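Nothing in this text is a laboratory measurement; each read-out follows from the coordinates by a stated rule. Since the structure is predicted, the reported quantities are computational estimates derived from the model, not experimental observations. For neighbour counting, all protein chains shown are included, and Cβ atoms are generated from backbone atoms with ideal geometry for every residue, glycine included.
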Amino acid sequence: MIEKEISKIKLPSKFEEVADARKIGFLKMKDLKESGKKVAGVFCTYTPMEIIYAAGMIPVSLCATTEDSIKYSEADLPKNLCPLIRSSYGFAVSDTCPYFYFSDIIIGETTCDGKKKMYELMGEFKNVHIMQLPQNNLDELSLKLWTNEMYKLKRKLEETFNVEITDEKLWEAIKFGNQERKNLRKFFELGKLNPSPLSGVTMSSTQDGFGFEFDREKKNKEIVEKTMEIYDFWEREYKGKKSNRPRILITGCPVGGVREKILTTIEKAGADIVVYENCSGVREKLTLIDETMDNPIEAIAKKYLNISCSVMSPNNKRFDDLDKLIDEYEVDAVIEIVLQACHTFAVESTKVKKFVTEKKGKPYMYIESDYSMNDIGQVSTRIEAFLEMI
Ligand code: BJ8
């Protein structure tokens with residue numbers, strides 16, 4: 001029987017505000033647009049945010065997390081496609097997402113097949129710039145190609161929006177971005193504490209909400225303050241106690257669209273999600289941009305090419321990261337969440353399972369799902385059975 005004796009810290013209300021930032025952000029963005037700011041809509045962790053910021057623009061994530069918009073995608077996209085793509089495209093084609101509406105340009109990358117073909121379709125009704133992402137990050141030529149893509153994006157933004165992206169502006173954006181990564185990393189590291197003071201569901205929704213606060217100084221100040229506040233609370237109330245709840249690492253696809261169905265279910269069933277090895281968590285935050293390099297564009301290219309998404313072949317860094325995260329967060333079990341029809345993560349899961357069970361000696365569970373609630377019963381039963389086994 002799993003013990004549930006240690007209750008979670010009641011989070012400060014600021015965090016609920018951050019989690020709800022997607023809705024509140026609509027109005028803030030409207031004001032920013034009215035003041036003349038330009039907006040770049042993005043869909044992926046590979047997008048080099050520093051170039052967007054150096055152009056004086058605001059990046060906003062357009063990755064959709066709801067089933068509601070999928071119906072609008074059905075005329076153009078096949079049913080057997082990842083829900084993240086169908087949902088995002090549905091919002092775009094129906095013009096029902098204010099953030100898509102406000103975007104002056106969409107920046108996409110050739111990551112998985114579904115996404116890159118979606119950008120082609122989107123280009124028929126929106127200004128879309130597609131970056132050619134190499135599928136291997138070990139080859140020297142890949143870095144050259146990707147660096148060239150950075151220059152192409154820089155030129156595109158300069159020409160389209162009549163701005164100059166200087167090295168000075170790029171370094172400034174790099175420094176700010178690195179500091180932001182460090183701040184978020186510290187926030188995620190609250191999950192290393194035992195008992196874990198932060199619910200994994202809140203951790204994930206906070207990370208999502210963070211992208212919808214467009215005042216970067218303010219959001220960084222808040223995340224630092226709240227991290228310290230939660231840590232101090234933990235020291236006062238929980239230090240020295242140990243929780244018997246299994247500590248879970250989530251890996252795989254982004255999880256914003258299955259938060260309620262899967263993440264909440266895991267925590268309600270008695271486990272603590274302590275870390276995310278995915279794009280909803282620390283994956284991109286683990287490596288900083290090298291501030292000692294001479295050329296800022298090359299430094300940005302190097303960092304972003306090194307992201308450990310399954311679209312890379314091979315994707316060795318993901319296993320190095322998993323190795324470290326399992327140890328550092330004292331993880332008891334790994335749950336891999338793969339969105340339906342995401343072939344790269346689905347195929348790579350065979351290696352992940354082997355790595356987790358054989359090399360790390362930890363239990364592993366694979367869940368494939370979509371944005372609907374149709375399989376909630378089955379998902380709950382499997383999660384409960386898995387946790388009972390640990
Ligand atoms: S860096 S994980 S954000 S591509 S889940 S759309 S891969 S079929 S979201 Fe992703 Fe960038 Fe990779 Fe991260 Fe395709 Fe898979 Fe769907 Fe995906």
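Quick notes on this structure:
- The chain, relative contact order [Cα under 8 Å, separation at least 6], %: 20
- Label-point separation, K359 to E120 (7 Å along Cα→Cβ), nm: 3.5
- Residue-wise HN-Hα coupling along segment 30-40, computed from phi with Karplus coefficients 6.51, -1.76, 1.60 (Hz; x: Gly, Pro): 4, 4, 5, 5, 5, 8, x, 5, 9, 10, 10
- Cβ-based charge dipole, the chain, positive-most Cα from Y276, C82, T357: T357
- For segment 360-390 versus segment 96-170, the gap between their alpha-carbon centres in whole angstrom: 36
- For K117, the lysines whose Cα comes closer than 26 Å to its Cα, not counting residues fewer than 8 places off in the same chain, are K38, K71, K79, K126, K144, K152, K154, K156, K302, K303.
- Applying both filters, DSSP loop and at most 15 other Cβ atoms within 10 Å, to the GluC sites (Glu not before Pro) of segment 261-365 gives E291, E330.
- Computed from label points 7 Å out along Cα-Cβ, the spacing between V347 and M228 is 4.8 nm.
- Environment charge at N183 (Cβ cut-off 14 Å; Lys +1, Arg +1, Asp -1, Glu -1): +3
- Computed from the C-beta positions of E34 and K79, the FRET efficiency with R₀ = 30 Å rounds to 0.15.
- Unit charges at the beta carbon, dipole of the chain: most positive-side option, S69, L145, F102: S69
- Charge dipole (Cα centre; +1 on Lys/Arg Cβ, -1 on Asp/Glu Cβ; no other charges) of segment 108-192 amounts to roughly 400 debye.
- Protection proxy ranking, peptides 231-240, 142-151, average beta carbon neighbours within 10 Å, highest first: 142-151, 231-240
- Distances between placed amide hydrogens fall under 5 Å for M131 paired with G108, E109, T110, all partners being 5 or more residues away or on another chain.
- Cβ-based net charge around M365, under 13 Å, with every Lys or Arg adding one and every Asp or Glu removing one: -2
- 3J(HN,Hα) along segment 225-239: 4, 5, 4, 5, 4, 5, 5, 4, 4, 4, 4, 6, 9, 10, 3 Hz, from the Karplus curve 6.51 cos²θ - 1.76 cosθ + 1.60 with θ = phi - 60°, whole Hz, x for Gly and Pro.
- Sequence-distant residues sharing a close amide H with Y366 (under 5 Å, placed H): E336
- Model label points for V163 and M389, set 7 angstrom from Cα along the Cα-to-Cβ axis, are 5.0 nm apart.
- Packing-based order for 305-314, 128-137, using average beta carbon neighbours within 10 Å, highest first: 305-314, 128-137
- Check: the chain dipole with +1 on Lys, Arg Cβ and -1 on Asp, Glu Cβ, in debye: 400
- Neighbourhood charge, 15 Å Cβ-Cβ cut-off, centred on E124 and excluding it, Lys, Arg +1 and Asp, Glu -1: 0
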